[in-house]
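Engineer: I am attaching a structure below and will ask some questions about it afterwards.
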Amino acid sequence: MPYVNTIERVEREKAVQEGRQETLQAAEERVLESKRNTARHLLAFGVLSDEQTAEATGLTVDEIAKLRMKDKH
């Protein structure tokens, strides 16, 4: 096994951490998009208020209002 100096080891560890961070951010974005899709479906029924939809999805009322406006256009 080749010798790995401290700088190389630190750089490798940093790259691993950055990769984990990118993976985490991508997963969070997928979860958020899933919540938005669920909210869109709930809004399509037209039965729940923005507050109820926010409670059901974990999104904010402002985000629900924005989705409602975006989907009307």
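Engineer: So which residues in segment 17-61 are of a type in the set (Val, Ile, Thr), surrounded by 10 or more Cβ atoms within 10 Å (Cβ to Cβ) and free of Cβ contacts under 8 Å to residues at least 12 places away in the same chain?
Structural biologist: 23, 31, 60, 61
Engineer: Which ones in segment 34-61 are closer than 14 Å to residue 72 by Cα and part of a loop (DSSP other than H, G, I, E, B)?
Structural biologist: The answer is 46, and nothing else.
Engineer: Here's a check for you: in segment 62-73, which residue that is open to solvent by 90 Å² or more (accessible area, probe 1.4 Å) and basic (Lys, Arg) is modelled with the highest pLDDT? Steps first, please.
Structural biologist: First pass over segment 62-73, keeping only residues open to solvent by 90 Å² or more (accessible area, probe 1.4 Å): 62, 66, 69-70, 72-73.
Okay, now just the ones that are also basic (Lys, Arg), so 66, 70, 72.
Details: 66: 95, 70: 87, 72: 75.
Looking at residues that are open to solvent by 90 Å² or more (accessible area, probe 1.4 Å) and basic (Lys, Arg), I get 66.
Engineer: Looking only at residues that are outside any helix (DSSP H, G or I) and open to solvent by 100 Å² or more (accessible area, probe 1.4 Å) in segment 1-16, which one is modelled with the highest pLDDT?
Structural biologist: Filtering segment 1-16 for residues that are outside any helix (DSSP H, G or I) and open to solvent by 100 Å² or more (accessible area, probe 1.4 Å), the one modelled with the highest pLDDT comes out as 3.
The values are calculated or read from the model by the stated rules, or taken from the named source; none is laboratory data. The structure presented is a predicted model; accordingly, all values stated were derived computationally and were not measured. Virtual Cβ from ideal backbone geometry, glycine too; neighbours counted across all protein chains shown. Side chains are part of the model used for accessible areas, which takes the heavy atoms of the whole protein and leaves out ligands, DNA and RNA. Shrake-Rupley method; radii C 1.70, N 1.55, O 1.52, S 1.80 Å.
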